[in-house]
Amino acid sequence: MASRPTPDRGWFKSSRSANNAACVEVRFGGGAVDVRDTKDRSGPILTFDACAWASFVTGLKAESAS
């Protein structure tokens, strides 16, 4: 099993985040994708498996293309 990233490593801000209060950060590791609020880095983290994340991103791309 791959090790999970340490709490403050591997995070990056979404390239779609604007310079406003609606920013999220993402990190990949251990077959999972973590998402957190940029403004509350010590707050809750949502974790998705790689398949669920891929489906989410595909849906976003399809929605933005419409």
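Just a few scattered comments:
- Inside the stretch 17-47, residues that are loosely packed, with under 14 Cβ neighbours inside 10 Å and among the basic types (Lys, Arg) make up a count of 2.
- Members of the stretch 48-66 found to be in a strand (DSSP E or B) and either in contact (Cβ under 8 Å) with a residue 24 or more places away in the chain or surrounded by 14 or more Cβ atoms within 10 Å (Cβ to Cβ) (or both), listed by number: Phe48
- Those residues of the stretch 4-35 which are of a type outside the set (Phe, Trp, Tyr), within 19 Å of Ala54 (Cβ to Cβ) and modelled with pLDDT of 85 or more, in sequence order: Gly10, Val24, Glu25, Val26, Arg27, Gly29, Gly30, Gly31, Ala32, Val33, Asp34, Val35
The values are calculated or read from the model by the stated rules, or taken from the named source; none is laboratory data. On a predicted model such as this, the values are computed, not experimentally measured, just so you know. All Cβ positions, even for glycine, are placed from backbone atoms using ideal geometry, and neighbour counts span all protein chains on display.
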